[in-house]
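Colleague: A single structure is presented below for examination.
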Amino acid sequence: MFLKDYITDVYKAVRSLLTGMKKTGYYFVHPSEIITQQYPENRHDLNLPERFRGEVVMSHDENNEHACTGCTACELACPNGTIKIITKFDITPEGKKKKAIDTFIYHLELCTMCNLCVQACPTDAIKMSQKFEHSVYDRSRLTKKLNQPGSKIREGVE
Amino acid sequence: MYTQTEIIKDTTQLNSNGNEGELVINVGPQHPATHGVLHLVITLNGETIKKIEPHLGYIHRSIEKMCESLTYRQFIYVTSRMDYLSAHINNLACALCVEKGMQIEVPERAQVIRILMSELTRIASHELWVGAMAMDLGAFTPFFYTFREREVINDIMEQTCGARLTMNYMVPGGTMYDLHPDFQNRVKAFIIQFTSKVTELEDLIANNIIFQNRTKGVGVLSAEDAISYGCTGPVARGSGVSCDIRKIQPYSGYEKVSFEEVLEPAGDSYARYLIRIREMYQSISIIEQLIDNIPEGDFQAKTKAVLKLPKGEFYTRVETARGELGVYIVSEGGTTPYRIKFRSPGFSNLSALNHMVKGSKIGDLMATMGTLDLVIPDIDR
């Protein structure tokens, strides 16, 4: 009786082992079903979705104009203090003072990519880019100025 | 709680007291089988476990205190970092609690999207668990097969929510974006892939004689003990305790879908494995019911720019992949919460570990602890 149980156990063990081996063997001879991607090599044809949250960027048009009014809604919405906006007053041709951004400072090292600033922006001035390779050699390079030098606010954006 | 030096002193005391064969060993905080920085102080008598004491706090980030300085819109993203494998459901719990306080009516479309996302998260979490559990027991191959399916869900999440793990997709009043136009097709493709490939797990894991011998009758937790230790989720359901919040206290429209609460009476590690496999089938059935019936309409209710909860206390609970998550907010009427408390499932499930492994061999420790599905940042917060 003991011998019978023993042989049954061995038979079951070998059978379950072979069942598993069959599965792994199947993928061994069907390399086309393997979905692994070779990351640094496929960098050129990486297609990240449109909504992917990489880092905050400010979009500028061909006239070097952006849509940021300096309302600091993003600064208030950010949970980590990632954004700091320094504003200045421009003198309009009519001689009136108008608030405009001087520097839009973005601390990438503090950012958690939660998208709350983009949601808060009333003029869609900032958006999330698809860039995800953020590593740099010097930490200070992670503090970025988002508005390009010499840029100004687009006409008609209030 | 011991400090590191006290533990060492303890070890030497035991040896100098002449308790020969009694040994205190430390597993973790850096140990691959604890899936994070969990530190277990194990008292052994030979190979038999006499006592096991988890030491926590290695990844404590004081999330509850941090939330007190964030507004009701901002604090939701932090909770993705608690139980990062069911980040959607954590965010949902917080959003539900704020909505309860503000009495915001969530549009039906948003509710259905929330259920779909929660169930996809549950499948992804259980898939990862199956792979990690097999790896704990020495089988490395199933890990890749489960990650293949999980990867599809992560891609779907990336397309609709913009991130793969810490989505921050639930906002008070609905969801951050509408569904991606391609969402339905991709989820349907995933269902076909999942149902054809999930049988591989049976061949590789469940029918494997080594897996069965190592998990059947190991780490038995009776129904009474599961209740008294406050276990929830698959751990309690593996002992036959009915505790699914989706059934007991339906939220976000779960009362409209039909699904079965899976129960296994055995209470051993194998039962907890079966529970998770069968729960994935239930999640698939929920998704199948909803994917073609997503109602039209808004994905977000109109809310004020600044949310202010009325003075009072609010509590909601949801079923995450690991068990019951409770969110308790005390509001003083301002823009930030006065106090936030999270009742995390992992903490209570871990507390039953000592009872489950006491008296068993040390080789069974990982086969038991793996089935608790511990996520250490969820325990420490």
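The values are calculated or read from the model by the stated rules, or taken from the named source; none is laboratory data. Here the structure is a predicted model, which means the values were calculated and not measured. All Cβ positions, glycine included, derive from the backbone under ideal geometry; neighbour counts span all protein chains shown.
Colleague: Take segment A:35-48 and flag every residue that is farther than 16 Å from A:Phe132 by Cα and away from every other protein chain (no Cβ under 14 Å).
Modeller: Scanning segment A:35-48 gives a single hit, A:Gln38.
Colleague: While we're here: Return the pairs, sorted by first residue and then second, in which the second residue is assigned to a loop (DSSP other than H, G, I, E, B), the first residue lies in segment B:320-334 and is among the hydrophobic types (A, V, I, L, M, F, W, C), the beta carbons are less than 8 Å apart, and the residues are 6+ apart or on different chains.
Modeller: Cβ pairs passing all conditions: B:Ala321/B:Asp83; B:Ala321/B:Asp373; B:Leu325/B:Asp83; B:Leu325/B:Ser344; B:Ile329/B:Leu309; B:Ile329/B:Pro337; B:Val330/B:Pro337; B:Val330/B:Tyr338.
Colleague: So, in segment B:182-212, exactly how many residues are away from every other protein chain (no Cβ under 12 Å), touching a residue at least 12 places away in the same chain (Cβ under 8 Å) and not aliphatic (A, V, I, L, M)?
Modeller: 5
Colleague: I would also like to ask the following. Testing B:Leu350 on (1) part of a loop (DSSP other than H, G, I, E, B); (2) over 20 Å from B:Cys94 (Cα atoms), one condition comes back false. Which one is that?
Modeller: Failed condition: (1).
Colleague: Tally the residues that are closer than 26 Å to B:Lys65 by Cβ and in contact with a Cys (Cβ under 7 Å, 6 or more places away or on another chain), restricting the search to segment B:348-381.
Modeller: Counting residues in segment B:348-381 that are closer than 26 Å to B:Lys65 by Cβ and in contact with a Cys (Cβ under 7 Å, 6 or more places away or on another chain) gives 2.
Colleague: Specify the residue that is nearest to A:Asn47 (Cα to Cα); the eligible residues are those in segment A:91-123 that are away from chain B (no Cβ under 14 Å) and touching a residue at least 40 places away in the same chain (Cβ under 8 Å).
Modeller: So the first thing to find is which residues in segment A:91-123 are away from chain B (no Cβ under 14 Å), and the list is A:91-109, A:123.
Pick out the ones that are also touching a residue at least 40 places away in the same chain (Cβ under 8 Å) and you get A:100-101, A:103-106, A:108, A:123.
Numbers: A:Ala100: 36, A:Ile101: 34, A:Thr103: 32, A:Phe104: 29, A:Ile105: 29, A:Tyr106: 26, A:Leu108: 23, A:Thr123: 27 Å.
This residue is A:Leu108.
Colleague: Against the condition in a loop (DSSP other than H, G, I, E, B), assigned by TED's automatic domain parsing to the domain that holds A:Gln148 and exposed (fewer than 11 other Cβ atoms within 10 Å of the Cβ), how does A:Pro93 come out, does it pass?
Modeller: yes
Colleague: For residues that are surrounded by fewer than 10 Cβ atoms within 10 Å (Cβ to Cβ) and in a loop (DSSP other than H, G, I, E, B), scanning just segment A:1-34, find the one that is nearest to the other protein chains (Cβ to nearest Cβ).
Modeller: Among those residues, the one meeting the criterion is A:His30.
Colleague: For segment B:55-74, give me each residue that is of a type in the set (A, V, I, L, M, F, W, C) and crowded, with 22+ Cβ neighbours inside 10 Å.
Modeller: B:Cys67
Colleague: Need at least 1 residues that are away from chain A (no Cβ under 14 Å) per element, so show me which helices (runs of 4 or more DSSP H) inside segment B:40-103 make the cut, counting only ones lying wholly within it.
Modeller: Ranges flagged: B:63-67, B:87-102.
Colleague: Quick check on segment B:21-37. Is at least one of its residues in contact with a Leu (Cβ under 8 Å, 6 or more places away or on another chain), assigned to a loop (DSSP other than H, G, I, E, B) and of a type in the set (A, V, I, L, M, F, W, C)?
Modeller: no
Colleague: Look through B:Thr121, B:Thr141, B:Thr166 and report the one residue that is in the same structural domain as B:Thr316 (by TED's automatic domain parsing) and over 18 Å from B:Ala95 (Cα atoms). Before you say what the answer is, go through the steps one by one.
Modeller: Working: B:Thr121 fails: over 18 Å from B:Ala95 (Cα atoms); B:Thr166 fails: over 18 Å from B:Ala95 (Cα atoms).
Testing whether each residue is in the same structural domain as B:Thr316 (by TED's automatic domain parsing) and over 18 Å from B:Ala95 (Cα atoms) leaves just B:Thr141.
Colleague: Has segment A:16-33 got at least one residue that is on the phi < 0 side of the Ramachandran plot and in contact (Cβ under 8 Å) with a residue 40 or more places away in the chain?
Modeller: So far as segment A:16-33 goes, no, none of its residues is on the phi < 0 side of the Ramachandran plot and in contact (Cβ under 8 Å) with a residue 40 or more places away in the chain.
Colleague: A further question follows. What pairs come out if I take residues in segment B:152-181 that are facing chain A (nearest Cβ under 7 Å) and buried (at least 23 other Cβ atoms within 10 Å of the Cβ) and pair them with residues that are part of a loop (DSSP other than H, G, I, E, B) and among the polar types (S, T, N, Q) whose C-beta lies under 7 Å away, six or more apart or interchain?
Modeller: Sorted first by the residue in segment B:152-181, then by its partner, the pairs are B:Gly162/A:Asn115; B:Asn168/A:Asn115; B:Asn168/B:Ser80.
Colleague: For segment A:61-78, which positions are surrounded by 17 or more Cβ atoms within 10 Å (Cβ to Cβ) and either in contact with a strand residue (DSSP E or B) (Cβ under 9 Å, 6 or more places away or on another chain) or of a type in the set (Val, Ile, Thr) (or both)?
Modeller: Residues satisfying the conditions are A:His66, A:Ala67, A:Cys68, A:Thr69, A:Gly70, A:Cys71, A:Cys74, A:Glu75, A:Ala77.
Colleague: Related question: Looking at this structure, is B:Leu128 surrounded by fewer than 24 Cβ atoms within 10 Å (Cβ to Cβ) and free of Cβ contacts under 8 Å to residues at least 60 places away in the same chain?
Modeller: Criteria met by B:Leu128.
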